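The structure appears below as structure tokens.
Where a number appears in this text, it was derived from the coordinates with a stated rule and is not lab data. Owing to the predicted nature of the structure, the values given are computational and were not obtained by experimental measurement. As a convention, Cβ positions derive from the backbone with ideal geometry for all residues, glycine included, and neighbour counts pool all protein chains shown.
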Amino acid sequence: MALIELSGIRKSFKVGPGEIPVLHGIDLTVHPGEMVSMMGQSGSGKSTLMNIIGMLDQPSAGSYRFEGVDVLSARNDEQSALRNRKIGFVFQTYYLLARLTALDNVLLPLLYRGESRRRSEPRARALLDRVGLGDQAGKYPNAMSGGQRQRVAIARALIGDPPLLLCDEPTGALDATTSQEILTLFEDLNAESARTILIITHDPSVAARCRRQVHIADGLLYEPDTVPPRMAVS
Ligand SMILES: Nc1ncnc2c1ncn2[C@@H]1O[C@H](COP(=O)(O)OP(=O)(O)OP(=O)(O)O)[C@@H](O)[C@H]1O
Ligand SMILES: [Mg+2]
């Protein structure tokens, strides 16, 4: 069964009296264990599409099945529950809480769910270890490098063991070497658990490390062999 099945997804934003159309009918099927990059010019609608896939926003039209479940006919609270259990998010700017240690940042999603600290802490420590920060659990984000902060954010995204990681320009604020190290971590996470990973990026060297690459242009989605030449380089 497919993990993600988008069909005919359209999205317009109401602005004042008018509407700005952004997505014009996106079809995309992603199977469990795929690692997919998504490229496209600034403003092409990548984050808009990711917000729809991540159940943070609703499309204007189309259908969306996640693990076979019809997402768009689910109630809001059902969508939230699905999102919390099934999707981890990683963003360019980390969104770590400065007043919390690395360990507590990773634990936070489980504490919000009402799980006890005592039961959750071993898993959070194991994940920090997994992302290479086993000895940094007590550090505060401000005392960490960008790459380390992103590793904390990745551990936090994994704490609920979601089958899907959605990453919006996860290396956008990192230097080239650190970006490649983060990609190695994503590759390992993808390989060892068949976790599905979708990475939005502007960086061709990041996209090149994903087995499958899709592009968004003019509100539509293209795969490499269907990309018109003028859009092939973005
Ligand atoms: N909430 C909103 N209200 C109105 N317009 C919006 C809203 N969100 C996005 N847009 C518009 O939709 C278009 C696509 O935006 P989106 O953020 O998805 O682009 P993107 O491909 O992620 O760009 P970038 O690479 O710069 O992050 C842009 O024209 C943007 O201005
Ligand atoms: Mg964006």
In region 39-87, residues that are basic (Lys, Arg) and within 23 Å of Glu223 (Cα to Cα) total 2
In region 26-54, what residues are within 16 Å of ligand 1 (Cβ to nearest atom) and either in a loop (DSSP other than H, G, I, E, B) or among the charged types (D, E, K, R) (or both)? Gly40, Gln41, Ser42, Gly43, Ser44, Gly45, Lys46, Gly54
Would you say Pro162 is more than 16 Å from ligand 2 (Cβ to nearest atom), touching a residue at least 40 places away in the same chain (Cβ under 8 Å) and assigned to a loop (DSSP other than H, G, I, E, B)? yes
List the pairs whose first member sits in region 30-54 and is touching a residue at least 24 places away in the same chain (Cβ under 8 Å) and closer than 12 Å to Thr201 by Cα, whose second member is assigned to a helix (DSSP H, G or I) and near ligand 1 (Cβ under 8 Å from one of its atoms), and whose Cβ atoms are under 9 Å apart, counting only residues at least 6 apart or on separate chains? Met38/Lys46; Met38/Leu49; Met38/Met50; Met39/Lys46; Gly40/Lys46
Do you know which of the residues in region 186-200 that are free of Cβ contacts under 8 Å to residues at least 12 places away in the same chain and among the acidic types (Asp, Glu) is farthest from ligand 2 (Cβ to nearest atom)? Glu192
Only one of Ala74, Ala2 is in a loop (DSSP other than H, G, I, E, B), touching a Ser or Thr at 6+ places or on another chain (Cβ under 6 Å) and not polar (S, T, N, Q); which? Ala2
